Amino acid sequence: MAMHYPFLLHALLETPAAINFLLRPLQQISTPAPQAEAIIRQYGVLLFVSVIIAAIFIKRPVDSASRHVSGALALYHLAPTARAFSRILTGDVVSGSAIGGPKLHVVVHLGCFLGLLELYINGRAG
């Protein structure tokens, strides 16, 4: 049975991010509002759920469900790509503020987006 690497890449990429949002929510923004911790932790849970969903589809045969899930996950990766690209353009690069920094974020999220998009469009990756 084939392994679908875009799902694996999503799971590997987003697991540390989800853990970071869950365990250190207030370190994610510079001046957090009182309600920010709960909102950021909730985002961490949603991100972790996306990891679980991706893990389910890693070895599952490609069908319409897996193609739709890959399309949905591909769309997700546009937001962190755009945010990281914006940080590069504005010079908002704070050392140690995020895992790997914005340049690495652009590369890995764009890679995830393209792999998941390929799986969505063609029913295969690469």
Completion exercise
Picking from F21, F57, the residue that is crowded, with 18+ Cβ neighbours inside 10 Å and more than 13 Å from the chain's Cα centre (by Cα) would be F57
Exercise for the section: Pairs only if they're at least six apart or on different chains, beta carbon under 8 angstrom, first in segment 79-90 and in contact (Cβ under 8 Å) with a residue 12 or more places away in the chain, second surrounded by fewer than 14 Cβ atoms within 10 Å (Cβ to Cβ) and among the polar types (S, T, N, Q); list them, first residue then second. Expected result: none
Completion exercise
If we keep only residues of segment 1-18 that are surrounded by fewer than 17 Cβ atoms within 10 Å (Cβ to Cβ) and outside any helix (DSSP H, G or I), then the residue modelled with the lowest pLDDT is M1
Exercise for the section: Check off (1) over 14 Å from E14 (Cβ atoms); (2) under 13 Å from the mean Cα position of the chain (by Cα) for I99 and give me the number that stays unchecked. Expected result: (1)
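The values are calculated or read from the model by the stated rules, or taken from the named source; none is laboratory data. Note that the coordinates shown come from a computational prediction; the quantities given were computed from them, not determined experimentally. Backbone-built Cβ (ideal geometry, glycine too); neighbour counts: all protein chains shown.
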